[in-house]
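Asker: What follows is a structure written as structure tokens; I'll ask about it next.
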Amino acid sequence: MHGNEALHEDGDLGAARCWFEQAYRAAERAGATDAMATAALGLGGLWVHEHREAGDWAQVMSWQRRSLAAAGLDSELATRLRARVAAEEDYRAGRHADVLNVLGEARSRDDAQTLAMALSVAHHCVLGPEHGRLRVALAEELLLTAARTERRSDRLMGVLWRTVDEFLDGDPHAERSLGQLRGALWTREHQAVGFVVQAMTVMLKIRAGDLVEAEALAADCVRRGEACGDADAAGWYRGQLLAIRWFQGRVGELLPLLNQQVHSATLGALDDSLVAALAAAAATAGDDLLAAGALARLGRGDLRRVPSSSIWLVTMFGAVEAAARLADADTAGTAYDLLRPYAHLPLMGSLAVVCFGSVEHALGVAALTMGNPDRAVAHLRLAVRGNLALGHWPAHCLSRHWLAHALSLRGGPQDHDAAREERIGAEGEAARLSMVLPSLDNLAAAAPRGGSGGARATRPGPQSGEGQRTARSAVPDVQVRLLGPVDITLGGTMYTVPGLRRKTVLAVLALHAGEIVSTDRLADIVWGERVPRTAANTLQSHVSFLRRVIGARAAILARSGGYLLDLGAEATDVAVAERLIRWGTQSADPIDVVRHLKDALTLWRGPPLQDIAGPAWTRDQAHRLRHLHLTAHKVQARARLALGQYAQLAADLDPLTREHPLDEQVHEHLMFALYREGLQSRALGVYERLRSALKDELGIDPSRPLCDLHTAILRQDEALSRDRTP
């Protein structure tokens, strides 16, 4: 009784094991066959493969088999025991035939609880990437069966498995199911299911790029898992920490931990993910010997022998990354062939607790290592798009970084400009997310498949895109940045411009790039009403200084009566942002809209013209650029609503509504996102906050469309759930 309550009602796996072990020994002494079988079944736990130590697993399996062999055992209890034993044996062997056979037996019996238990353990045995349809069918049947058992634990497991399936399949509605699962836990906690929910939340934090917050949440999550006795607590934490360090560019820090934990007894029977992680981390850190050794251990040197499991995709991802840095074209080719059927899936591990982005990214890296830049570019472009759809910003950033590298290696007529655009976009995203992008300079396309893949690839020669860039222009790769503090970047390196007046001169010329700005106009903006008699000479001095910083006299040309900044059409972050916003507003594809607008928004590093505030002209320009920023957010919000990214959009829009408390469009988008996320009361609260602000500040009520939306939310109008945007 105590064991069942701890396991099914409280989700306290550790306490349940203690209660069931005591019950088994007491029943054994009393010779109570059914009681022994019930206790042995309960010792199996909620999940499959909870007992990782070989001795513990053998003990529990011995008791379960002994109970099965007992004469006169209740038939329903016997079916449940057979399902549990079959699941344990199938899981350790990487198969599922036996447990599905017992599931067929459970279906033939008229006992909903037996069927629910068999469905849940069977589902746990089919978590490989090839099992998607079977998983979905089992989870759906479990939910229907839970309606018959009327047990809360069965319903929880049904919703949990459906949520896991949707995340593993890259379903855009997965977060909606996660919200339902959180709601089911609201009235009463279930420790084991709650631990999985928090682990998924960590994964979503990593996707959102909140890496510091994700690490803190992961540390709390592992404590929660250990408290409820979940065998995966430490393993999931290692995986989440590995993902965080990977995207931070600090994976080399984990080499000592990976070396130590790769043989941990807490790892699952089929878990090779840490071996692959060790190979990738060692190769990234430059320890080629350690990396090659770890890579050779996967499948005993043949990736085709790595058994399918819930961490198979993550294992293949680690193998691809290690092979790329070792220039191992053969391993990359094998991984490519194995991964290609799953190109549409995310690189997800275990019960959706860690995600490295789209499988297309791994395919692109593998193709590049195999010596096929054309195919690499195609896959990496799909990876950029796929990671955008997932809302995985760190993976999106890395895919763009690799795409820029692949385009440079391919070196086609349009590839140089495309590579530069992707590189700038990736660097901007990396700065926003506090990521350090990996150096890919020593990674080039390997020899064509079938050639030598053992030697490390060399850097591209003089005919590469970089060489072409140097030959095209004497002016360095320079950009004036105005969307934040005013500064200059040269080849990706930032240089500050000392002095308020110098920065103002640079900003005026940059915002009129390609146009002649008269010295009188410059003087009026820089000095206002008190223009000194030496203004012309001082301006010439400021221009000379700026030319020296840029490294080219031709960057700022003297023209009759003024100066002209001549660095090209997109030599300022403002020009790049305006182009991206224009592309986004003109596109009919919401994925492209989000991508262009996201790239534009990453260019803002703070309030525009942040460090030259003062002159009326700069205040006007700063206001215009803040309005441009708000416009980009609004256009992107409409596209994200169309893509169903409700939870992340709501988190992004909430601070924007506080920054712009009177803007009705931003509040409207937030209300839509909250309502579709199932947060009706919060959506109504947003409306009330706007109504009060408009009344207090302007003495007016919200517009008619917003009032109509408020009324529709109150009525829970079905039209609000349809795929339409404001």
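The values are calculated or read from the model by the stated rules, or taken from the named source; none is laboratory data. In this text the structure is predicted, and so the values were computed from the model without any measurement. Please note: Cβ atoms are built from the backbone with ideal geometry, for glycine as well, and neighbour counts cover all protein chains shown.
Asker: Considering segment 73-114 alone, what residues qualify as being in a loop (DSSP other than H, G, I, E, B) and over 38 Å from the mean Cα position of the chain (by Cα)?
Answerer: Leu73, Asp74, Arg109, Asp110, Asp111, listed by residue number.
Asker: Would you check which residues across segment 332-362 are under 20 Å from Ala296 (Cα atoms) and either outside any helix (DSSP H, G or I) or over 17 Å from the mean Cα position of the chain (by Cα) (or both) and list them?
Answerer: Within segment 332-362, Ala332, Gly333, Thr334, Ala335, Tyr336, Asp337, Leu338, Leu339 qualify.
Asker: Give segment 487-517 a look and list any residue that's under 14 Å from Gln610 (Cα atoms), outside any helix (DSSP H, G or I) and touching an Asp or Glu at 6+ places or on another chain (Cβ under 7 Å), or say none.
Answerer: Thr496, Val497
Asker: Of the numbered conditions (1) acidic (Asp, Glu); (2) outside any helix (DSSP H, G or I); (3) modelled with pLDDT of 85 or more, Asp520 satisfies every one except a single condition; which is it?
Answerer: Status for Asp520: all satisfied but (2).
Asker: OK, next. Kindly provide the set of residues from segment 50-72 that are under 39 Å from the mean Cα position of the chain (by Cα) and surrounded by 17 or more Cβ atoms within 10 Å (Cβ to Cβ), ordered by number.
Answerer: Glu50, His51, Arg52, Val60, Met61 - these are the residues of segment 50-72 that are under 39 Å from the mean Cα position of the chain (by Cα) and surrounded by 17 or more Cβ atoms within 10 Å (Cβ to Cβ).
Asker: Just for segment 376-419: of the residues that are polar (S, T, N, Q) and closer than 26 Å to Gly644 by Cα, which one is nearest to the chain's Cα centre (by Cα)?
Answerer: Asn387
Asker: Tell me yes or no: at least one residue of segment 691-703 is under 30 Å from Gly386 (Cβ atoms) and either touching a residue at least 12 places away in the same chain (Cβ under 8 Å) or buried (at least 16 other Cβ atoms within 10 Å of the Cβ) (or both).
Answerer: no
Asker: May I pose another question? Considering only residues of segment 8-49 that are in a helix (DSSP H, G or I) and of a type in the set (D, E, K, R), which is surrounded by the most Cβ atoms within 10 Å (Cβ to Cβ)?
Answerer: My answer is Arg17.
Asker: Hey, does segment 315-327 have a residue that's under 22 Å from the mean Cα position of the chain (by Cα), buried (at least 24 other Cβ atoms within 10 Å of the Cβ), not assigned by TED's automatic domain parsing to the domain that holds Leu168 and not in a helix (DSSP H, G or I)?
Answerer: Checked segment 315-327: no residue is under 22 Å from the mean Cα position of the chain (by Cα), buried (at least 24 other Cβ atoms within 10 Å of the Cβ), not assigned by TED's automatic domain parsing to the domain that holds Leu168 and not in a helix (DSSP H, G or I).
Asker: Please enumerate the residues belonging to segment 383-400 that are surrounded by fewer than 24 Cβ atoms within 10 Å (Cβ to Cβ) and either closer than 15 Å to Asp415 by Cα or touching a strand residue (DSSP E or B) at 6+ places or on another chain (Cβ under 7 Å) (or both).
Answerer: Of everything in segment 383-400, just one residue is surrounded by fewer than 24 Cβ atoms within 10 Å (Cβ to Cβ) and either closer than 15 Å to Asp415 by Cα or touching a strand residue (DSSP E or B) at 6+ places or on another chain (Cβ under 7 Å) (or both), namely Leu390.
Asker: Any residue at all in segment 373-392 that's in contact (Cβ under 8 Å) with a residue 60 or more places away in the chain, within 16 Å of Ala280 (Cβ to Cβ) and of a type in the set (A, V, I, L, M, F, W, C)?
Answerer: Looking through segment 373-392, none of the residues is in contact (Cβ under 8 Å) with a residue 60 or more places away in the chain, within 16 Å of Ala280 (Cβ to Cβ) and of a type in the set (A, V, I, L, M, F, W, C).
Asker: For segment 252-274, which positions are in a helix (DSSP H, G or I), surrounded by fewer than 24 Cβ atoms within 10 Å (Cβ to Cβ) and in contact with a helix residue (DSSP H, G or I) (Cβ under 9 Å, 6 or more places away or on another chain)?
Answerer: If the condition is that a residue be in a helix (DSSP H, G or I), surrounded by fewer than 24 Cβ atoms within 10 Å (Cβ to Cβ) and in contact with a helix residue (DSSP H, G or I) (Cβ under 9 Å, 6 or more places away or on another chain), then Gly252, Glu253, Leu254, Leu255, Leu257, Leu258, Asn259, Gln261 are the ones that fit.
Asker: Sticking with this structure for a sec: Helices (runs of 4 or more DSSP H) wholly in segment 648-726 with at least 1 residues that are farther than 25 Å from His392 by Cα and β-branched (Val, Ile, Thr) - which ones?
Answerer: Details: elements: 664-676, 680-698, 704-715.
In segment 648-726, the matching helices (runs of 4 or more DSSP H) lie at 680-698, 704-715.
Asker: I need every pair where a residue in segment 493-519 that is closer than 28 Å to Ala430 by Cα and in the same structural domain as Arg481 (by TED's automatic domain parsing) has its Cβ under 7 Å from the Cβ of a residue that is surrounded by 21 or more Cβ atoms within 10 Å (Cβ to Cβ) and among the basic types (Lys, Arg), sequence separation at least 6 or different chains.
Answerer: Val497/Lys503
Asker: Next question. Out of segment 328-349, which residues are buried (at least 24 other Cβ atoms within 10 Å of the Cβ), small (Gly, Ala, Ser) and touching a residue at least 60 places away in the same chain (Cβ under 8 Å)?
Answerer: Hits for segment 328-349 are Ala329, Ala332, Gly349.
Asker: Also, quick follow-up: Only residues in segment 179-190 that are within 22 Å of Ala650 (Cα to Cα) count as the first member; pair them with residues that are at pLDDT below 90, Cβ under 6 angstrom, at least 6 apart or cross-chain, and list the lot.
Answerer: As it stands, the answer is Gly179/Gly678, since those pairs meet every condition given.
Asker: Suppose we filter segment 596-637 for residues that are aliphatic (A, V, I, L, M), under 24 Å from Glu427 (Cα atoms) and touching a residue at least 40 places away in the same chain (Cβ under 8 Å); how many remain?
Answerer: The total comes to 7.
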